[in-house]
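Okay, structure first, notes after.
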Amino acid sequence: MKKIYCLLLVLTVFMINSCSVYNFTGTGKIDAKTFQVNFFQNNAELIEPGIDRTFTLALQDIIQNQTNLNLVKSGGDLTYEGEITDYRISPMTATADQQASQNRLKIRVNVRFTNRNKEADDFEKSFEFYYDFPATQQLTGSTLNNALEEIFKRITQDIFNESLAKW
């Protein structure tokens, strides 16, 4: 019985030791103390007022909530910048009388990530996601808020994974 306890103790030590550089968000050891998120200008052809600010704040929030990095206004070890390049509403499915029964909102964001401490991590990449909604609804009010929340949640998580989690 004593040998079993010793074996379990050794296995536990190895498991804890091998996982020591990871945390619950999936990031490894981050060699930075600060980050900055510059304002993401809305350069899409179709402009929805306020989404640029909403997206910028959503990206700041996810990084603050999933890391112990400090948000700074300038001179951050990690810098996120870019622009919203596409905001598009298009019909997805049609009824028998050739009318749209479902529409799709798609948003694309171009991101430039810079890591001052490790230039190999730098990238420029586009991220996009969509939200489907019934054609009988207007994209205003709660429908728009739900769409933006779902789209930005997915895009910001993808940006986080690409820049810090390395998934």
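The values are calculated or read from the model by the stated rules, or taken from the named source; none is laboratory data. This one's a predicted model, so the numbers in the text were calculated from it and none came from an experiment. Glycine also receives a Cβ, built like all others from the backbone with ideal geometry; neighbour counts cover every protein chain displayed. In case anyone asks, the SASA skips ligands and DNA or RNA and just uses the protein heavy atoms, side chains included. Shrake-Rupley method; radii C 1.70, N 1.55, O 1.52, S 1.80 Å.
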Cα lying deepest toward the dipole's positive end in the range 93-167, options Ile155, Gly141, Leu105, charges on Cβ:
Ile155
To the nearest µm²/s, what D does Stokes-Einstein give for the range 37-167 at 37 °C and 0.692 mPa s, using the Kirkwood radius over alpha carbon pairs as Rh?
207 µm²/s
Taking 2.2 N^0.38 Å as the expected size of a compact globular protein, what ratio does the Cα radius of gyration of the range 92-167 give against it, to two decimals?
1.48
Highest average packing first - 138-148, 152-162, Cβ atoms within 10 Å
152-162, 138-148
Expressed as a percent, the accessible surface of the range 41-102 that is carbon or sulfur, using a 1.4 Å probe and the full set of protein chains, is 44 percent
Could you name the lysines whose alpha carbon sits less than 18 Å from that of Lys125, not counting residues in the same chain fewer than 8 places away?
Lys106, Lys153, Lys166
Square roots of five times the Cα gyration tensor eigenvalues for the range 25-75, Å:
26, 12, 9
Could you size up the charge dipole of the range 111-167 around its Cα centre, putting +1 on the beta carbon of Lys and Arg and -1 on that of Asp and Glu, and report it in debye to the nearest 20?
160 debye
Distance in nm between Gln41 and Asn161 label points, each 7 Å along Cα→Cβ, equals 3.0 nm
Below 16 Å, Cα to Cα, which lysines can Lys33 reach? Residues fewer than 8 away in the same chain don't count.
Lys73, Lys118
